[in-house]
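One structure below.
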Amino acid sequence: MRIALDLDMTLNTMAYTWIKWLKANIDDNITLSHVRYHGFIRDAYGKVADAYWKDPACYDEITLLDGASDFLAWAQSKYECIIITHTPPGQQSEIKDAWIAKHIGDIKVIHTDQKHRHSQGCMLIDDHPGHIQRHVRHNENCHGIVFNHQGRYGWAHALTCHPRVDTACTYDQLKIIISHWDK
């Protein structure tokens, strides 16, 4: 089995540093649970909110989420793993690649907003429900897991309407789900 992993907010602290930036620059009342869907910030605050993503220094503060390193070691010891990450227009993929090399090491990385086109034969793990929905719709017999770190992400809702989709809030839950489907 192959595992395709999202990077931002699934393996790293981008959600937390992003909210910190939003609190300091736009709205000091915003929390992760307020962000109910991808695009919410832009809809609520306009293009000014994109400044965080477009700043190459945003990755200077980002680290791996607690437990991500151990999870990656476990997954890479058992499965072929790749990272499929959406790099928005205006964000430099080289910055993200350098971050991955420093914090994760040698792993295949694909930059795309069409993750389902690159996740054939994989289990996709992503915080964005839309990526998971497209993955299972376009990739027959492939599973997807919506990752909602510690249940804090307002946008990472459970998709209970598809038999090949699960939701996990911790890396231990990911291990259980992956092991279940690897039979």
> Does ASP60 satisfy being loosely packed, with under 13 Cβ neighbours inside 10 Å and in a loop (DSSP other than H, G, I, E, B)?
Replying inline: no
> Inside the range 157-183, can you point out the residues that are of a type in the set (A, V, I, L, M), within 18 Å of LEU64 (Cβ to Cβ) and outside any helix (DSSP H, G or I)?
Replying inline: ALA168
>> Is it the case, given these coordinates, that LEU5 is in contact with a helix residue (DSSP H, G or I) (Cβ under 9 Å, 6 or more places away or on another chain), surrounded by 14 or more Cβ atoms within 10 Å (Cβ to Cβ), within 29 Å of CYS122 (Cα to Cα) and hydrophobic (A, V, I, L, M, F, W, C)?
In response: yes
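Could you please let me know if ILE83 is hydrophobic (A, V, I, L, M, F, W, C), out of contact with any Gly (no Cβ under 9 Å at 6 or more places or on another chain) and not in a helix (DSSP H, G or I)?
It is true that ILE83 is hydrophobic (A, V, I, L, M, F, W, C), out of contact with any Gly (no Cβ under 9 Å at 6 or more places or on another chain) and not in a helix (DSSP H, G or I).
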>> Testing VAL136 on (1) touching a Gly at 6+ places or on another chain (Cβ under 9 Å); (2) more than 30 Å from ALA24 (Cβ to Cβ); (3) of a type outside the set (Lys, Arg); (4) in contact (Cβ under 8 Å) with a residue 60 or more places away in the chain, one condition comes back false. Which one is that?
In response: (4)
>> Going residue by residue through the range 90-108, is there one that turns out to be within 19 Å of ILE177 (Cβ to Cβ), surrounded by 15 or more Cβ atoms within 10 Å (Cβ to Cβ) and touching a Lys or Arg at 6+ places or on another chain (Cβ under 7 Å)?
In response: no
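When you scan the range 166-181, do you find a residue that is touching a His at 6+ places or on another chain (Cβ under 6 Å) and either aromatic (Phe, Trp, Tyr) or more than 22 Å from HIS38 (Cα to Cα) (or both), even just one?
Yes, there is a match, as at least one residue in the range 166-181 is touching a His at 6+ places or on another chain (Cβ under 6 Å) and either aromatic (Phe, Trp, Tyr) or more than 22 Å from HIS38 (Cα to Cα) (or both).
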>> Tell me whether the range 87-99 contains one or more residues that are among the β-branched types (Val, Ile, Thr) and either assigned to a helix (DSSP H, G or I) or over 16 Å from the mean Cα position of the chain (by Cα) (or both).
In response: yes
> Can you spot a residue in the range 75-89 that is surrounded by fewer than 19 Cβ atoms within 10 Å (Cβ to Cβ) and charged (D, E, K, R)?
Replying inline: yes
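Residue by residue, here is whether (1) in contact with a Gly (Cβ under 7 Å, 6 or more places away or on another chain); (2) surrounded by 17 or more Cβ atoms within 10 Å (Cβ to Cβ); (3) assigned to a helix (DSSP H, G or I) holds:
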{"position": "ALA24", "(1), (2), (3)": "no, no, yes"}
{"position": "ASP27", "(1), (2), (3)": "no, no, no"}
{"position": "ILE30", "(1), (2), (3)": "no, yes, no"}
{"position": "ASP43", "(1), (2), (3)": "no, no, yes"}
{"position": "LEU72", "(1), (2), (3)": "no, yes, yes"}
> Within the range 122-141, can one find any residue that is charged (D, E, K, R) and in contact with a helix residue (DSSP H, G or I) (Cβ under 6 Å, 6 or more places away or on another chain)?
Replying inline: yes
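Quick note: the coordinates plus some simple rules give every number you see, no bench work behind them. None of the values given here were measured: they were computed from a predicted structure. As a convention, Cβ positions derive from the backbone with ideal geometry for all residues, glycine included, and neighbour counts pool all protein chains shown.
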